[in-house]
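Note sheet for the following structure.
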Amino acid sequence: MWRRPIPLDLYGLLMCRPSTWVDDGLTSFPDSILGYDISPAGSGHDMYFCTRCWPAGRLTRDHKEEADRKLGQWVRALLPFGLRWVGWMVFLGVYTFSDRAFDTCGPKPRGATAGQMAAGLCRHGCPKPKWMTE
Ligand SMILES: [Zn+2]
């Protein structure tokens, strides 16, 4: 598996993940295209979508559109020039189909396992932020 350098904004975002973080990369797409690993882009997109990674009230429509745009940019950056059209396809795919997963990690997070629920974590492994418990 090959991996091109991770874009700086994506790297910074990924560094903020809690140690308990889990995700499935790009939910409806393969994690690699012809041997190039694009899973970090999916992880960054999941962070954008996780209610618990942001201050209260941050997950607006603009935030969601920024997430989808960033995902397309990151996928393109992680692929060699000849495969960059895949980034546009991924962008169109998530832009069209990702609404159901956006902002669903509230006090009763969608998709969390029983173990995660018992530990107070969302499906991404994030604990409740302070603002959610006040
Ligand atoms: Zn989450």
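Would you compute the Debye intensity of segment 16-134 from its alpha-carbon atoms alone, equal scatterers and no solvent, and pass along log10 I(q)/I(0) at q = 0.13, 0.14, 0.16 Å⁻¹ to two decimals?
Each listed q maps to, in turn, -0.51, -0.58, -0.74.
Over the Cα atoms of segment 85-134, what radius of gyration and what Dmax do you get, in Å?
Reported Rg and Dmax, both Å: 14.3, 45.
Hey, can you find the accessible area per residue of the chain for me, probe 1.4 Å, expressed in square angstrom? Provide the component values of the computation, followed by the final result.
Details: 7510 Å² over 134 residues.
Result: 56 Å² per residue.
Go through segment 1-91 and name the trypsin sites (Lys or Arg not before Pro) that are in a DSSP coil and have 12 or fewer other Cβ atoms within 10 Å of their Cβ. Numbers along the way, then the final one.
Working: sites: ARG3, ARG52, ARG58, ARG61, LYS64, ARG69, LYS70, ARG76, ARG84; in loops: ARG3, ARG58, ARG84.
Those satisfying the criteria are ARG58.
Along the Cα→Cβ direction, 7 angstrom out, place labels at THR60 and GLU134. What is the inter-label distance in nm?
Distance between the two pseudo-spin positions: 2.0 nm.
Helix 39-49 versus the longest principal axis of the chain: what angle, 0 to 90°, nearest 10, using Cα atoms?
The angle comes out at about 40 degrees.
With the cut-off at 15 Å, report for segment 1-40 the share of all Cα pairs above it, as a whole percent. Walk me through the numbers on the way to the answer.
Values: 395 of 780 pairs.
Value for segment 1-40: 51 percent of Cα pairs lie more than 15 Å apart.
Please tell me the relative contact order of the chain in percent, rounded to the nearest whole number, where contacts are Cα pairs under 8 Å and at least six residues apart. Present the calculation step by step, with values, prior to reporting the outcome.
Values: 173 pairs, mean separation 37.1, N = 134.
It comes to 28 percent, rounded to a whole number.
The values are calculated or read from the model by the stated rules, or taken from the named source; none is laboratory data. What you see is a predicted model; the values in this text were computed from it and never measured. No Cβ is skipped: glycine too gets one built from the backbone with ideal geometry, and neighbour counts run over all protein chains shown. The area values use the complete protein model at the heavy-atom level, side chains included, leaving out ligands, DNA and RNA. Shrake-Rupley method; radii C 1.70, N 1.55, O 1.52, S 1.80 Å.
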